[in-house]
């Protein structure tokens, strides 16, 4: 849905802003389902996050 597209970028990169997703298995599963969609192109991850 459009809600999935709109929220994916924020949620997928939450750990870069010190918001761990370890306690949210359903959210991590949802991220995996989005990544498995045909045509999915991942965003570049950064190790530095907000510290940059």
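Points worth noting:
- For the chain, the longest principal axis of the C-alpha atoms and the axis of helix 2-12 are separated by about 30°.
- Once the Cα-Cα distance is subtracted from the 0.36 nm per residue extended length, the residue 19 to residue 40 segment shows a gain of 5.2 nm.
- Nearest-ten-degree value, helix 25-35 long axis tilted from longest Cα axis of the chain: 60
- Distance between the pseudo-spin-label points of residue 6 and residue 30 (7 Å out from Cα toward the beta carbon): 1.3 nm.
- Set against the labelled values [x] 3.4; [y] 3.7; [z] 3.9, mean projected area of the Cα convex hull in nm² computed from this structure falls on [z].
- Working ranking of peptides 34-40, 23-29 by packing, defined as the average number of other Cβ atoms within 10 Å per residue, highest first, is 23-29, 34-40.
Rule-based calculations on the coordinates, nothing more; no lab input. All values reported here derive from a predicted model rather than from experimental measurement. Here Cβ is always computed from backbone atoms with ideal geometry, including for glycine, and neighbour counts include all displayed protein chains.
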